[in-house]
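Okay, so here's the structure we're looking at.
None of the figures in this text is laboratory data; all of them are computed from the coordinates on show. Note that the structure is predicted; figures quoted are calculated from it, not measured. Cβ: placed from backbone, ideal geometry, glycine included. Neighbour counts: every protein chain shown.
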Amino acid sequence: MKMRIIIVGAGEVGFHLAQKLSEEGKNVVVIEKDIQRLRRINEELDVQSFPGSGTSPKLLKEAGIREADMLVAATDSDEVNLIACLLAKSLNPYILKVARVRNPEYLQEKSLFGHDMLGVDHVINPESLMVDSILKLMEVPEANEIIDFVGGKVR
């Protein structure tokens, strides 16, 4: 059975993620409230799409949240991303939840994301990822790429 992944938000991150996952043969569903973005998804990708907000329990159910393996909340709004993950946790306790969170204030409160609270399994902060990547490259200036192995113990 194909992995079912729901992506909330079809900006650049959501679009390219949906494209890659679809190419890998995953069953991808995209939820997007912006009609132009939704049109682009429908014209260019072979995925199922729903107009609306990932903060709507009714829409999440229509998108198949109860059968989904993963929810990726990648909108431009941290609050929408966090609410979408909270709803996903409530509607499907077994789903893997990933949220893009940009506000440093939220990131300082790591306990908010735990299983007992918002239940976000993975929080991704694009700015922190970029800083970390640059710092790693500076450690070995002649390297084009540095890959961590064994949880960062081997590079």
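For this structure, a couple of remarks:
- Using the Cβ of Lys33 as centre and a radius below 15 Å, the other residues enclosed give a net charge of -1, where K and R count +1 and D and E count -1.
- What the pair-distance distribution of segment 1-43 shows, using all Cα-Cα distances binned every 10 Å from zero, is 31, 57, 12, 0 percent.
- Among the GluC sites (Glu not before Pro) in segment 1-107, those placed in a DSSP loop whose Cβ has at most 15 other Cβ atoms within 10 Å are Glu24.
- For Ile65, neighbours were defined as the other residues whose beta-carbon sits under 13 Å from its Cβ, and their charges (Lys and Arg +1, Asp and Glu -1) total +3.
- Near Gly52, once Lys and Arg are set to +1 and Asp and Glu to -1 for all other residues with Cβ below 14 Å from its Cβ, the sum equals +1.
- For Ser49, the residues whose modelled amide H falls within less than 5 Å of its own, excluding neighbours fewer than 5 places apart on the same chain, are Val30.
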